[in-house]
Each structure stands twice: as C-alpha cells, then as structure tokens.
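To keep things clear, I will list the structure first and then write my remarks on it.
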Amino acid sequence: MHIPDGFLDAKTIVAASVLSAAGVAAALRHVKSSLTPRKVPLMGLAAAFLFVAQMINFPVIGGTSGHLLGGVLAALLLGPAEAVLVMTVVLSAQCLLFADGGLLSLGANILNMGLAAPLGGFVLFRLLVPRMRSAAGRFASAALAAWFSVVLAATICAGELAWSGMVAWTLGFPAMAGIHILIGAGEAIITTLILAAIAKTRPELLPVFRNAGAPPVKRPSANIILLGSLVILGLILFVLPFASRWPDGLERTAAALGFDSRALSRQVVSSPLADYRVPGVGSLPMATALAAAVGGVLVFGASFILAKRLFPAPKDKGPEKP
C-alpha cells in the first residue's frame, strides 16, 4: 500500500504531510512523558520485526498479494503512541533506503499506515475488549482490530487518490477496499498467531491479555532481544525466500484502473538498496536476505536510539549533604 510518487497532487501531498507531522509530533510528546525503560529495547525489536515481516508478501487472490502491516500488533505490544513512532521509522527507512513508497508521498504513507492503522485499530480493540472479556474474546478483538486497520488505511489511500484526481472515488474505493478486505483477513490471522505465541511464551509483554489478578513477571530485556533476533533471523532465512512476487493491493488496483503508468519512473532521491536488494550480489535470494538483514539492523538501531533519547535520564542529585 506504499504510494509511489506521481499518484498524488500537490495539495494532497501537503495536507497529508502536515497531518502526519502533527500526529508524529503528538506521539513524540506522549512517549516522552510515558515511556518506560522496558519499552526501549522493545521499540527497536518491534521495528526490526515489522520491517522484515512486511517484506514477506502472501498470495491473496487473482494474482494479488498482501503483507503484514503490523500497526495493531505494535500498538498492543508497545502502546499506540509508541507504535506510531515505530511505524514511522519503518516507513521512512523503506522509502529512503529501499525505494518502497515515494519521498513526496511519505507523509501520506505515514498518515495511512503509521497513524490511521495503529490508532484506528487500537481504538476499536479498546471498544471491543470490555464486551469480550474472555481470552478468546480478547484475541477475537485483536483480530477484528487488525483487519479494520488495513481496511481503514486502504480507504484513506483511496480518498487521497480520489482527491488528487487520479481515480474517481466510486471506482477507487470499492477496488481498494475490496482487495484489502481480503488482505486484512491475512493481517488478522497473522496478528492473532503472533499475539498467541507471545501470550504463551512471554505474557508479561501483553498486560491486556494477562488474566486478572495474575502477578506481572519480569525477565531480563536481553533475553527478549535474543529471542526476537532469532525469530527475525528465522524469517529471513526460512520464510522470506518463499514470499509472493505478485503485486500488492495498490499496485493491482492501479493496473486494473489504468493509472499505474502515472508513477514516476525514477525516485526523487536515489535509494542505495532499491527493490530490497544489495547491489553487486548475483544471487537474488541472497541479495534480498542481505537487504532484509541490513534494514532490520538499521531500523532497530534507529528506533532504539530514538527511544533512548526520549526516555529521560535520571537526574544526578549529587552527594547528600551531611
């Protein structure tokens, strides 16, 4: 669903950029006042996981593929504001380093996938959970929220395309919403499976899924990073090679409605790892795996450093006076 340059006009680019900048700034302020030490490494780990997971497209229907968006997953693990920052780091890296989404369209992509998806999905989850108190109900709430987050992002994307005069709303909305209803089903399944695995192995990371009255368990952060790194490495080595090469929902919609040729053939800025490949590596699977590893390390570092900078260091009170 990454919008390339050429699909949006100037007014849409400016409006989306202003809204996304305001949303990210609000998230920064909130995280700065509420971030806990335990979330600092988790923000880096979540960014790395989502970056790699988003490279793994799954087939949907009619030659179309989709991939995990992960906004609701990040919001349930970290909190909605933290999820916005993690998604912003991932989307920015995808754009600047891997040519996935246009630079001029970055504000719109952050608005759709980095703000609307995690926040909208998290709000729906919070509305559903009081009515579905059982463990199965909480997982069902998460699944519905994940599905809704994808459809919401696709709907806003269709609105941006229509406002830009790229395609009529009456054509763009049913095409985008229709295919992303199916992609959202994949999002819901993947999100639920990941949450179930975390709830089983590291329940302290998901307080909302912990049984009432159960005492919180604290474990070293290093263990979480090690386990998460092994999972990410497993995705790169054993799952990424089988990722679908079919176009995603936006690409398929653009081709079907005849505006795919409007995408700029050249990026506004040169991306060193365009198309998720390390240049000079002859083997495509190896080039892609190396790009995934490089990207995962970079977004982990960027998110971890951002979290460290936002987390207030304890003030040195100096020696106590006698």
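The values are calculated or read from the model by the stated rules, or taken from the named source; none is laboratory data. Keep in mind that what you see is a predicted model, and the values were worked out from it rather than measured. Glycine also receives a Cβ, built like all others from the backbone with ideal geometry; neighbour counts cover every protein chain displayed.
Just a few scattered comments:
- Residue identified as in a helix (DSSP H, G or I) and in contact with a Gly (Cβ under 6 Å, 6 or more places away or on another chain) among MET87, MET43: MET87
- Complete set of residues in the range 251-278 that are among the small types (Gly, Ala, Ser) and surrounded by 14 or more Cβ atoms within 10 Å (Cβ to Cβ): ALA254, ALA255, ALA256, ALA263, SER271, ALA274
- Every condition in (1) outside any helix (DSSP H, G or I); (2) modelled with pLDDT of 90 or more holds for GLY318 except the one numbered (2).
- Cβ-Cβ under 7 Å pairs, at least 6 apart or on other chains, the range 79-107 side at positive phi, far side at pLDDT below 95 and surrounded by fewer than 23 Cβ atoms within 10 Å (Cβ to Cβ): ALA99/GLN267; ALA99/SER271; ALA99/ALA274; ALA99/ASP275
- Filter result (in contact with a helix residue (DSSP H, G or I) (Cβ under 7 Å, 6 or more places away or on another chain), of a type outside the set (A, V, I, L, M, F, W, C), surrounded by fewer than 20 Cβ atoms within 10 Å (Cβ to Cβ) and assigned to a helix (DSSP H, G or I)) within the range 1-22: SER17
- Any hit, the range 110-124, residues being aliphatic (A, V, I, L, M) and more than 21 Å from ILE183 (Cβ to Cβ): no
- Test: PHE209 is of a type outside the set (Asp, Glu), touching a residue at least 24 places away in the same chain (Cβ under 8 Å), within 27 Å of ARG38 (Cα to Cα) and touching a Lys or Arg at 6+ places or on another chain (Cβ under 6 Å): yes
- Filtering the range 228-261 to residues that are part of a helix (DSSP H, G or I) and within 18 Å of the chain's Cα centre (by Cα) leaves GLY228, SER229, VAL231, ILE232, LEU235, ILE236, LEU240, GLY249, LEU250.
- Residue, modelled with the lowest pLDDT, within the range 271-300, restricted to residues that are under 23 Å from the mean Cα position of the chain (by Cα) and not in a helix (DSSP H, G or I): SER271
- Qualifying positions in the range 25-47 - at pLDDT 95 or above, surrounded by fewer than 21 Cβ atoms within 10 Å (Cβ to Cβ) and not basic (Lys, Arg): ALA25, ALA26, LEU28, HIS30
- The residue that is surrounded by the fewest Cβ atoms within 10 Å (Cβ to Cβ), counting only those in the range 130-146 that are within 12 Å of LEU76 (Cα to Cα) and not aromatic (Phe, Trp, Tyr), is ARG138.
- The single residue among VAL60, VAL84 that is of a type outside the set (Asp, Glu), surrounded by 24 or more Cβ atoms within 10 Å (Cβ to Cβ) and under 27 Å from LEU8 (Cα atoms) turns out to be VAL84.
- Qualifying residue in the range 127-136 (condition: in a helix (DSSP H, G or I), β-branched (Val, Ile, Thr) and under 14 Å from the mean Cα position of the chain (by Cα)): no
- Within the range 279-310, the residues that satisfy the criterion of being surrounded by 17 or more Cβ atoms within 10 Å (Cβ to Cβ) and more than 17 Å from GLN54 (Cα to Cα) are ALA302, PHE304, LEU306, ALA307, LEU310.
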